[in-house]
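**Student:** Can you keep this structure in mind? I'll have questions shortly.
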Amino acid sequence: MKNMKRILIVFMMVLMAASVFANGDKESGSKGLPGAPAPFDGSKQIHIALVRQMVEGEFMQLWRAGAEQQAEKLGIKLTVLGKNMDNKAEADFVYQAISMKVDGIIIDHGLSETMEKPAADALAAGIPVIAFDVDLHNPKIPQIAQDDHALGRMALEQLVKDYNGQANVGYVYVSGCLPLDKRDEAFTKIKQENPGIKEIVRTGTFESPFSVKNADQVSASLRAHPEINAYFSPYDEFAKGVVMALEELNRTDIKVYSADISTQDIQLMTTEGNPWRATACTNPSVIGAVSVRGISMLIAGETLPHDLLIQPMLFTNDMLKEAGVKNMDDLKAKFPKFSESDLCKASWIPE
């Protein structure tokens, strides 16, 4: 039965990945927007490239969907270029976008060392760039991010509260990914402030499929460290792996605290007896929409702050159950603030 559950999860992951690995164009007519500055006044078809490092998982699908929907509202042709966790390919995609003479480039995730030069070369070619969750160390490139320090702290403060400041924590983390590094800084501070919160073991991998590969590592860690009684897993694909391992080992007494959210996450969190206790998150569709609005404003010659932070919310399994939330649509309906962001707004931009 357990093996069948794993096979089903892997099958679902493959289907999800197949829907996002392929590159795609979304194109709308160039009718012009009322009151919009050039070139959004209909004088030309705007073409934007979305270059992605990470495409696996429901969060990343929702992110893309938000970008596509906002691009459609703006009459933008959006070309999506991405190959999961292939850093060289991501850099090459930027040069492909430059050769396509796009009007703007959104860089989604990635490594600073591989993306700084391609981004700078795009600017040198006269193409504005905006980035999400990758530090390009360039004052000319606005950087969009979830407030990852706050996000990590929110989840951990719930852990501290639930365990009265005394917990032996298993931790799933991969260094070098900017949002995870910021969430790790929050964990370091929480441990300093709460000596009873002890990190027992640290694991983590970006080998695909993320959830299954991390489940294998967590299972091994739990066998070696049965004293673990809580898990901090600040990325929902990692958290799914933790939950998978806990269920297989009959250790659902161990509660899981994470970051990010999706329909699959909600379904797990609201299942009776599931160990997934809380997650801190922003709306991935909103992030995608903000990214498209931001690059559009740059194309129109407007200026943006260098740092653009999207504030997170915390959801516990009790909150979701009490509100009757079963999917992302329910979440947005029951908690309207989850779908709001004042970032990158202009009177001429339809949302």
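The values are calculated or read from the model by the stated rules, or taken from the named source; none is laboratory data. What you see is a predicted model; the values in this text were computed from it and never measured. Here Cβ is always computed from backbone atoms with ideal geometry, including for glycine, and neighbour counts include all displayed protein chains.
**Student:** Can you tell me which residue is surrounded by the most Cβ atoms within 10 Å (Cβ to Cβ) among those in segment 317-351 that are of a type in the set (S, T, N, Q) and closer than 20 Å to Gly66 by Cα?
**Tutor:** So in segment 317-351, the residues of a type in the set (S, T, N, Q) come out as 317, 327, 339, 341, 347.
Okay, now just the ones that are also closer than 20 Å to Gly66 by Cα, so 327, 339, 341, 347.
Numbers: Asn327: 14, Ser339: 16, Ser341: 21, Ser347: 7.
Of everything passing the filter in segment 317-351, Ser341 is surrounded by the most Cβ atoms within 10 Å (Cβ to Cβ).
**Student:** In the same structural domain as Met154 (by TED's automatic domain parsing) and in a strand (DSSP E or B): is that true of Glu237 in this structure?
**Tutor:** no
**Student:** So, one more: Filter segment 63-89 down to residues that are at pLDDT 95 or above and closer than 25 Å to Met328 by Cα, then give me how many there are.
**Tutor:** Residues flagged as at pLDDT 95 or above and closer than 25 Å to Met328 by Cα within segment 63-89 amount to 15.
**Student:** Checking the condition at pLDDT 95 or above and within 24 Å of Phe206 (Cα to Cα), which residue from Ile46, Ile106, Ile98 passes?
**Tutor:** Working: Ile46 fails: within 24 Å of Phe206 (Cα to Cα); Ile98 fails: within 24 Å of Phe206 (Cα to Cα).
One residue alone meets the criteria, Ile106.
**Student:** Restricting to segment 246-280, name every residue that is surrounded by fewer than 24 Cβ atoms within 10 Å (Cβ to Cβ), not charged (D, E, K, R) and not in a loop (DSSP other than H, G, I, E, B).
**Tutor:** Thr263, Gln264, Ile266, Gln267, Leu268
**Student:** Now, a different point. Scan segment 69-81 residue by residue and report those that are surrounded by fewer than 24 Cβ atoms within 10 Å (Cβ to Cβ) and within 25 Å of Ser112 (Cα to Cα).
**Tutor:** Thr79, Val80, Leu81
**Student:** A further question follows. Has segment 36-47 got any residue that is surrounded by fewer than 16 Cβ atoms within 10 Å (Cβ to Cβ) and touching a strand residue (DSSP E or B) at 6+ places or on another chain (Cβ under 9 Å)?
**Tutor:** Checked segment 36-47: at least one residue is surrounded by fewer than 16 Cβ atoms within 10 Å (Cβ to Cβ) and touching a strand residue (DSSP E or B) at 6+ places or on another chain (Cβ under 9 Å).
**Student:** Quick check, is Gly165 farther than 20 Å from Asn84 by Cα, assigned to a loop (DSSP other than H, G, I, E, B), in the same structural domain as Tyr257 (by TED's automatic domain parsing) and modelled with pLDDT of 95 or more?
**Tutor:** For Gly165, the condition - farther than 20 Å from Asn84 by Cα, assigned to a loop (DSSP other than H, G, I, E, B), in the same structural domain as Tyr257 (by TED's automatic domain parsing) and modelled with pLDDT of 95 or more - is met.
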